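The values are calculated or read from the model by the stated rules, or taken from the named source; none is laboratory data. Treat the numbers as computed from the prediction; the structure is a model and nothing was measured. Positions of Cβ are backbone-derived with ideal geometry, glycine not excepted, and every protein chain shown enters the neighbour counts. For accessibility, only protein heavy atoms count, side chains too; no ligands or nucleic acids. Shrake-Rupley method; radii C 1.70, N 1.55, O 1.52, S 1.80 Å.
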Amino acid sequence: MWDGPGDRSFDLQWQLIGGDSEQTRGSTNDISMEAGDVLLLPITFAAPDVNDRSEFIIEMQLSENGETLAEDSFAIRVFPKTSPPRLTAKAAIWDPEGKTKKWTGNFFASPPTDVVPGDTLEGYDLLLVGREALGPGAELPWSPEDIRRGLKVIVFAQKPRLWEGFGFIPDDLMSRRVFPNVKTHPMLDGLETEDLRDWRGSPDLLPAFEREYGHDGPRSPRSSNRNTVASVVLRIPETIGFTPILNAEFDLDYSPLLQFRDGSGAVWFCSLDLDERVDVDPVATRLAANLLKAAVNYTPQNTKVTVVRPNEPLDNPEVLEFVRNGGRAVILPRPATDIEALGFSLESARLHRAALPGDALFAGIGPRLLRWRDVLELDVFSPAGQPEGSRVYSDGLFLTQKIGLGERLFIRPGAELLETRYAEDKEKHAAVQTSVWRLRQLTAQLLTNAGVSPAPEVAARLAKLTPPPAFEDLATWYATGPFYVDRSKPAAEVLDQSFSAETNAIEGNTSPDVIYPTPDGRSLNFRTIARGQPHPQGGLYVDLESALRPDRLRSVGYATRIVRSDSAREAILRLGVDFWMQVWVNGKTVYRLADHRAAPTPNRHVVKVNLKPGDNVITIKVVGGNNGFGFWANISTGTVDVADIGGEDADAVSLYPPDIHAFDPYVYHYW
């Protein structure tokens, strides 16, 4: 890369160092560059023969007229060339695009049989769902009953909207680095953490340098796809049955390889960019082979399990007999006195984090689930003085006790430790919610590992692609204010009054460098992001009072955002406000509310709007009332009958908590 003045000519020398092989050298001379040039120069050599994964270093020197200008080094890993396994399992493949069968057939003694939805899967061990096989609302070729009887399914990379059809929250983060969550899993055999990053090539599932998948809030500009490991990752559910084998991104709360087990079978949701990488990148090739082999050889645990809930007795003789005969009883969090009555020793603790348990029963319980943003105050198991057959884990958070042929698993922490903390302080309450979610995920993972079966409705949810909702919340807005007005001034006159930010707000100009003076001498800007939060009346309420912090009643605020549309269409915008508002779409007033006395509720105000292809600017001017200052907004995602614009039925089951959308770690502020 040359960003200085004038034209230059460079020479490049490189050498491969490491191992027992002879040193390999090469050079590229007379590299002509003009100011601003960025060149990608290939370095090609025969990889050394190795018996095991081996480390090497490429050293480089850049010179001009014999004078060394720069030196650098780059670590590489060389893998032994291996033959693909010839799996004898009977496999089927649904791959209408033909992008996955090109490489999967090489791993089987007999190539997988092509199937389509509606074909019977009786007699098959494994079903492969090819890249981009799914379409909106498409019928799937497997059923929950197929999985329970022992079918294994691998779903390969899909577009983000199609992952939503399963109920997942996907994100197109173009992850270049992922991490092992279950390090001993056979799908990761022969691989180290360092291998799970910067794979060779550029996947093409999603376009480079532009965003195809829309987000509710502003995101950073898209970069290239080069070296991406997973174009899309899935937010990890808090539901029994799931185990992330790999995780990635913020708080390691996303996964490109997610296992769901039910009965005798399992489904692996694999968003890794494997296509075009097999036989090119050695890590992708090995992981693909491991994935297929481990799926074929998957065997469910056969431990019988029961869950003892807080309102159920601990000394139930039937449960004790169940454990003695080889069963496992999971004891959910309950008062310390109940535990001590059984002869266990407890002690008070204040924990921000806990030690890793390091036992097969706790697979997937890593640091992300054992640290919290606020202290946990609870009674934990003492390291000594426990009944016979007991073992204490993670600083006393868990205890197992062998009884006869079985065991009891005691769990001390639960989401209730933080769920209601700081209820009177919105900011602190919001700040600990990620830890509340982690505690729920911790419980779900422990129950999954113990052998608890997922709910039938969850299994059904994952065997059906649900069309996108008719309406989507508009939860994230750029906001500015407050502008103060006299309380005696009628709302209509306030809406008529144009404050200093109004013109730019209507245009969607949220430049952070523009200053808007107020009549009382303050300076405002558009550097505030207001996000909707779950409201007791439903929907996501954008609370401008919390975002803009007015110190008096009758405040005015502006909120503006972009809504993207694939085509020109008529949409339905549903609104609720506390208390008056005016709404613009692409610079035109589409709704005005200056005189009403009804209590604020979501979806009370409905208006048809015309969207153009691409970006559409929606701006809301809100005038606060005596008790609140905010609004609700959602918009139809497709064609909606105007007679059917009331409330929508929620999904029968969700994989995530209802407030999960209230926090987006990737909202981007370019200032």
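So what J values fall out for region 202-209 if you push phi through Karplus, 6.51 cos²θ - 1.76 cosθ + 1.60 with θ = phi - 60°, rounded to Hz, Gly and Pro as x?
Running phi through 6.51 cos²θ - 1.76 cosθ + 1.60 with θ = phi - 60° gives 10, x, 10, 4, 10, x, 7, 6 Hz.
Okay, helix-only estimate at 222 nm for the chain: each DSSP H run of n ≥ 4 adds -39500 (n - 2.57), divide by all residues, round to 500 deg cm²/dmol; what do you get?
On the way: 12 runs with 91 residues, N = 671.
One gets -3500 deg cm²/dmol as the mean residue ellipticity at 222 nm.
When the distances between all Cα atoms of region 18-60 are binned every 10 Å from zero, what whole-number percent does each bin get?
19, 43, 23, 13, 2
If you split all Cα-Cα distances of the chain into 20 Å bins from zero, what percentages do you get per bin, shortest first?
So the P(r) values, bin by bin, are 15, 40, 35, 9, 0.
If we sort 541-547, 464-470 on the protection proxy, mean other Cβ atoms within 10 Å, highest first, what's the order?
Working: 541-547: 22.1, 464-470: 15.0.
The most tightly packed comes first, giving 541-547, 464-470.
With only Lys, Arg, Asp and Glu charged, each at its Cβ (+1 for the first two, -1 for the last two), find how big the charge dipole of the chain is about the Cα centre; round to the nearest 20 debye. Provide the component values of the computation, followed by the final result.
Numbers: 70 positive and 92 negative charges, 277 e Å.
My answer is approximately 1340 debye.
When all alpha-carbon pairs of region 231-327 are counted, what percent fall beyond 18 Å? Don't skip to the end; give the middle numbers.
On the way: 2892 of 4656 pairs.
The answer is 62 percent, as a whole percent.
So for region 509-668, what percent of the C-alpha to C-alpha distances run longer than 19 Å? Let's see the in-between values first.
Working: 7677 of 12720 pairs.
Within region 509-668, distances greater than 19 Å cover 60 percent of Cα pairs.
Heads up, I need the accessible area for R86: 1.4 angstrom probe, whole protein in place, Å², nearest 10.
140 Å²
State the Cα centre-to-centre distance between region 373-403 and region 288-311 in whole Å.
25 Å
State, as an integer percentage, the relative contact order of the chain based on alpha-carbon contacts under 8 Å between residues 6 or more apart. Before the final figure, lay out the partial values.
On the way: 1417 pairs, mean separation 68.3, N = 671.
Dividing the mean separation by the residue count of the chain yields 10 percent.
How do K293, K489 rank by accessible surface area computed with a 1.4 Å probe, from largest to smallest? Kindly include the intermediate steps, with their values, before the conclusion.
Values: K293 105, K489 60 Å².
Largest to smallest exposure gives the sequence K293, K489.
Ordering K102, K81 by how much accessible area each has at a 1.4 Å probe, largest first, what is the list?
Ranked list, largest accessible area first: K81, K102.
Given 25 °C and 0.890 mPa s, compute D for region 273-427 with the Stokes-Einstein relation, Rh being the Kirkwood radius over Cα pairs; round to the nearest whole µm²/s. Provide the component values of the computation, followed by the final result.
Values: Rh = 18.4 Å.
Here the translational diffusion coefficient equals 134 µm²/s.
How large is ³J(HN,Hα) for each residue in region 331-339, as worked out from phi by the Karplus curve 6.51 cos²θ - 1.76 cosθ + 1.60 (θ = phi - 60°), to whole Hz, x for Gly and Pro?
Ordered by residue, 3J(HN,Hα) equals 9, 6, x, 8, x, 4, 4, 5, 6 Hz.
Using a 1.4 angstrom probe and counting only protein chains, how large is the accessible area of V308 in Å², to 10?
Only protein atoms counted, so the area is about 10 Å².
Take the Cα atoms of region 59-173, build their convex hull, and give its volume per residue in Å³.
Working: hull volume 22.6 nm³, N = 115.
Residue-normalised Cα hull volume stands at 197 Å³.
If you line up the Cα atoms of region 271-333 on their principal axes, what length do they span on each, largest first, in Å?
Dimensions of region 271-333 along the principal axes of its Cα atoms: 59, 24, 12 Å.
Please give the charge dipole size of region 428-564, origin at the Cα centre, charges +1 on K and R Cβ atoms and -1 on D and E Cβ atoms. Round to the nearest 20 debye. Let's see the in-between values first.
Numbers: 15 positive and 13 negative charges, 123 e Å.
Value, rounded to 20: 600 debye.
About its Cα centre, how strong a charge dipole does region 501-634 have in debye, to the nearest 20, once Lys and Arg get +1 and Asp and Glu get -1 at the Cβ?
Working: 17 positive and 12 negative charges, 53 e Å.
The dipole of region 501-634 has a size of about 260 debye.
Bin by bin, in steps of 10 Å, what percent of the Cα pairs in region 441-590 do you find, going until the bin that has the longest distance?
Histogramming region 441-590 at 10 Å steps yields 9, 30, 28, 14, 11, 7, 1 percent.
Pull up all non-local amide H partners of A92: gap of 5 or more, or a different chain, and H-to-H distance under 5 Å with H placed in the peptide plane.
T113, L126, L127, L128
Pairwise over distinct Cα atoms, reciprocal of the mean inverse distance: report the Kirkwood radius of region 129-236 in Å, one decimal place. The partial results should precede the final answer.
Values: mean 1/r = 0.0630 Å⁻¹.
After inverting the pairwise mean of 1/r, the radius is 15.9 Å.
Within the set of other residues whose C-beta is less than 14 Å from the C-beta of D7, count the net charge using Lys and Arg as +1 and Asp and Glu as -1. Intermediate results must be reported in sequence, preceding the final value.
On the way: positive: R8; negative: D3, D30, E34, D37, E64.
With Lys, Arg at +1 and Asp, Glu at -1, the net is -4.
If I take all pairs of Cα atoms in region 477-545, what percentage of them are more than 16 Å from each other? If you can, show how the numbers build up before the last one.
Details: 1339 of 2346 pairs.
Roughly 57 percent, once rounded to a whole number.
Largest first, what is the accessible-area ranking of F74, F108 with a 1.4 Å probe?
Values: F74 125, F108 0 Å².
Correct descending sequence by accessible area is F74, F108.
Mind grabbing the accessible area of T337 for me, 1.4 Å probe, Å², rounded to tens?
Estimated to the nearest 10 Å², T337 gives 90 Å².
Rank N225, F242, A266 by how far each Cα sits towards the positive end of the charge dipole of region 218-273 (+1 on Lys, Arg Cβ; -1 on Asp, Glu Cβ) and give me just the farthest.
Projecting each Cα onto the dipole axis, the largest value belongs to N225.
Please list the equivalent ellipsoid semi-axes of region 190-235, computed as the square roots of five times the alpha-carbon gyration tensor eigenvalues, in descending order and whole angstrom. Write down the numbers at each step before the final one.
On the way: eigenvalues 110, 35, 16 Å².
Computed over region 190-235, the values are 23, 13, 9 Å.
What part of the accessible area of the chain, given as a whole %, is carbon or sulfur when the probe is 1.4 angstrom?
Details: 14720 of 31050 Å².
Carbon-and-sulfur percentage of accessible area, whole number: 47.
Between the alpha-carbon centers of region 404-454 and region 27-103, tell me the distance in whole angstrom.
Each part reduced to its Cα centre gives a spacing of 44 Å.
Would you please calculate the Kirkwood hydrodynamic radius of region 361-492 over all C-alpha pairs and express it in Å, rounded to one decimal? Intermediate values should be presented prior to the final figure.
Details: mean 1/r = 0.0517 Å⁻¹.
Computed over Cα pairs of region 361-492, the Kirkwood hydrodynamic radius comes out at 19.3 Å.
Return a whole-number percent for the relative contact order of region 200-342, with Cα pairs under 8 Å and 6 or more residues apart as the contact set. Don't skip to the answer; put the middle values down first.
Details: 173 pairs, mean separation 21.6, N = 143.
Relative contact order here is 15 percent.
Percent relative contact order of region 336-429, based on C-alpha pairs within less than 8 angstrom and at least six residues apart? Mind dumping the intermediate values first?
On the way: 128 pairs, mean separation 21.7, N = 94.
Averaging sequence separation for qualifying contacts and normalising by length gives 23 percent for region 336-429.
Give me the net charge for the shell around L553: Cβ to Cβ below 13 angstrom, other residues only, Lys and Arg +1, Asp and Glu -1. Before the final figure, lay out each step's value.
On the way: positive: R487, K489, R552, R554; negative: D486, E545, D551, D578.
The answer is 0.
Explain nothing, just compute: Karplus ³J(HN,Hα) = 6.51 cos²θ - 1.76 cosθ + 1.60, θ = phi - 60°, for every residue of region 46-57 in order, whole Hz, x for Gly and Pro.
Couplings: 6, 5, x, 6, 9, 9, 9, 3, 10, 9, 9, 10 Hz.
In the chain, which helices (entire DSSP H runs) extend 20 Å or more along their own long axis, judged by Cα positions, while averaging at least 0.0 on the Kyte-Doolittle scale?
Values: long enough: 282-296 (21 Å, 0.97); 433-450 (26 Å, -0.21).
Both cut-offs are met by 282-296.
Among A157, Y213, G167, whose Cα sits farthest toward the positive end of the charge dipole of region 114-238 (+1 at Cβ of Lys/Arg, -1 at Cβ of Asp/Glu, about the Cα centre)?
The residue sitting most towards the positive pole is Y213.
Can you work out D for region 540-623 in µm² s⁻¹ from Stokes-Einstein, where Rh is the Kirkwood radius over C-alpha pairs, the temperature is 37 °C and the viscosity is 0.692 mPa s? Mind showing how you got there, number by number?
Details: Rh = 13.8 Å.
The calculation lands on 238 µm²/s.
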